[in-house]
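Only the coordinates and a few stated rules stand behind these numbers; no lab work does. What you see is a predicted model; the values in this text were computed from it and never measured. Glycine gets a Cβ as well: all are built from the backbone with ideal geometry, and neighbour counts include every protein chain shown.
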Amino acid sequence: MTIDDQPVPALVLEAWKQSIVRATPAAIQALVAQQPELGAGFRIGKIDLTIARNRIQRRLGQLQELPCVYRDLLVQTTLSASLVSVLSQQVLERWAVPLCHCFGTVALVAALYLDERDAVRHLAPQWLAHPPAPEEAPTADTVRVAAPRLQAELLPLLAHLHTLSAQAGVSDAASSVVPTAPNAHTPAPTPSTRRTANEQRLMQAWREKDKESKRLRRELNALTGQHQQQGQALASAQHALESAKTLAATAEAERIALQTQWETRVTQRVTALWDERLLPWLRPAETLADEVAALSSNHSSLLQQADALLQRQAAHDRLHGLRSQLRTELLACQQAHARLVQAHRDALRPLPELLPLAQQLQARMQHIEQCLHNHAPLPAPAHPLLAQMEQTLATQQTLDGVAAMRRALQASATLGWLDNQSLQQAYALIDQASIRLYALTSTAPRGAKNLALPLRALQTELAQGHPATLLVDGHNVLFTQTAAFKPWYEQGQPGAQAREHLTALLVATAQRYPTLHIHLWFDGPVLSDSTRAANMRVHFSGGQGSDRADARLLAYLHHLQVATPAHLRLLVTQDQAQAAQAEDTGAWILAPAELLYWVRPHI
């Protein structure tokens with residue numbers, strides 16, 4: 001709490017709280033009527049005075065500013081109204097020592113804080129900082145010593161007041177309260193101070209009224225005590241009522257718990273009896289119903305799967321087309337090509353656009369034939385290992401599993417378990433499985449080398465128009481794929497005709513894919529390079545000995561690793577040592593049989 005922007009000291013606040021005890025019941029009731037929060041829980045005018053005083057004292061400790069209603073009450077309960085308000089600042093300063101000795105420094109300071117005069121309020125912090133007398137409550141000895149001094153100071157004032165009262169005809173009863181200081185002369189009463197008959201009658205009436213007021217006060221005190229006793233009895237009854245309610249709630253909760261437990265046990269027992277009597281009859285019926293439901297659900301589930309799969313196939317057909325549509329388009333292209341060729345032959349002055357258009361139709365027919373051949377259903381594998389491999393690939397659900405099977409197939413190629421034709425069929429099965437899984441997962445192999453599916457990666461890169469480089473170890477392909485190139489062998493060995501046939505295959509592939517750069521390497525005594533197409537070059541290594549092209553292949557791969565690190569690079573070889581060194585440069589390894597499967601329409 002603050003007064004004049006200064007905090008009120010704790011001693012003063014405590015003195016104010018102590019003075020509340022001296023407040024009259026009427027003053028307490030008036031304050032409670034003006035401050036409703038003080039009478040919370042009580043009817044209007046029925047609040048217990050002790051409780052009200054306690055609430056007022058507690059409220060004084062919580063206020064930030066002193067309201068007028070609280071100030072008016074404190075003025076009546078402290079020395080402010082009875083002493084400080086009738087004394088001037090000069091009198092207070094001159095009589096500070098005897099006043100503090102008689103009434104106490106803290107009590108006077110508490111009254112000074114409540115005065116309406118700024119100069120008087122400013123005395124309060126000064127007296128606290130430099131007390132005129134000790135701050136302890138005055139004792140009988142200090143009062144006995146200070147009283148004569150204060151009486152001596154007040155004696156002239158009291159004499160003047162006595163003279164004025166005598167002149168006004170007031171009785172000398174007031175003069176009897178004038179203290180007599182030691183060695184002080186008190187004037188004797190004069191005959192004019194005796195009471196008249198009228199005054200005596202008034203005095204008698206006043207005494208009767210005083211007796212009546214005392215009697216009424218005693219009755220009021222008795223009634224107040226009875227009211228307090230009844231309030232205490234009511235509080236005890238309310239406490240007993242709350243305890244009874246708590247016990248009733250606890251008993252109700254226990255009753256509900258017991259009832260729930262009893263109902264549960266009854267339900268369990270009834271269920272057990274029903275199960276004992278009815279389960280032998282119901283169990284076969286339930287088993288039959290479950291079997292019927294299972295069959296129905298399986299049947300409906302299979303039908304739903306079939307419908308969903310047919311819808312997906314229809315969506316794929318709308319996107320990629322049908323074989324019948326390609327055949328129809330191929331037939332129309334053949335007829336149009338034949339008419340263009342016949343028109344060019346028969347015309348005396350053929351138009352220059354006839355041959356270019358015929359060449360475009362020829363390229364379109366080759367592309368359609370390529371699509372029909374690439375997507376043709378694979379024949380049923382005759383080799384038992386191929387049949388087992390087909391079953392395993394059908395159950396694969398991830399590309400990692402397909403890649404693992406490809407690595408196993410590549411490692412077993414040197415063992416001779418499968419001939420070249422069966423090996424190509426095995427790579428075809430792997431390619432078909434990878435196509436199926438890519439369609440399901442909608443993922444692309446670009447940057448996903450860990451899948452180890454180089455053929456699928458190459459096809460996806462080319463379909464997206466990205467550049468790629470294919471390096472082919474020609475003699476490794478010719479010597480390992482004897483079934484494919486045996487018709488062009490010379491004296492049991494692959495010669496110039498076999499090399500030319502492999503070169504023609506790769507030239508056709510290069511023409512189909514403009515973004516694919518193919519480099520075909522052969523072992524040869526003379527170092528030479530030749531360009532067979534815009535994106536197809538043939539290299540002869542030169543030098544002596546076998547595997548002379550390996551070093552140049554690896555050197556070129558190192559060059560590509562630095563020059564075009566983001567482009568896809570593949571090496572076609574079945575040499576494991578060469579493949580390991582090529583993988584260190586970031587290249588992917590493609591098996592010769594896998595390459596021939598990819599270009600099989602031209603074999």
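Computed values, structure above
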read-out: Globularity index of region 549-603, i.e. its alpha-carbon radius of gyration over 2.2 N^0.38 Å; value: 1.20
read-out: Where a label projected 7 Å from the Cα of Arg149 along Cα→Cβ would reach, residues of region 90-104 with amide N under 16 Å; value: 91-104
read-out: Region 446-585: C-alpha pair distances exceeding 24 Å, %; value: 30 percent
read-out: Simple spin-label estimate for Leu273 and Leu348 in nanometres, 7 Å along Cα-Cβ; value: 11.8 nm
read-out: Coarse-grained scattering of region 1-117 at q = 0.11 Å⁻¹, given as base-10 log I(q)/I(0) from a Debye sum over alpha-carbon atoms; value: -0.38
read-out: Full-extension gain in nm, Lys209 to Thr24, via 0.36 nm per residue minus C-alpha separation; value: 64.6 nm
read-out: Chain lengthening between Thr531 and Ala577 when straightened (0.36 nm per residue, less Cα-Cα); value: 13.7 nm
read-out: Kirkwood-based shape ratio for region 69-130, expressed as Rg/Rh from alpha carbons; value: 0.93
read-out: Isotropically averaged projected area of region 252-348, using the convex hull of Cα atoms (one quarter of hull area), nm²; value: 14.1 nm²
read-out: Order by protection proxy (mean Cβ within 10 Å, highest first), peptides 504-516, 208-220, 108-120; value: 108-120, 504-516, 208-220
read-out: Distance between modelled label sites at Ala315 and Arg327, nm, 7 Å Cα→Cβ extension; value: 2.8 nm
read-out: Hz values of 3J(HN,Hα) by residue in region 354-364 - Karplus curve (6.51, -1.76, 1.60), Gly and Pro given as x; value: 5, 5, x, 5, 5, 5, 5, 5, 4, 5, 5
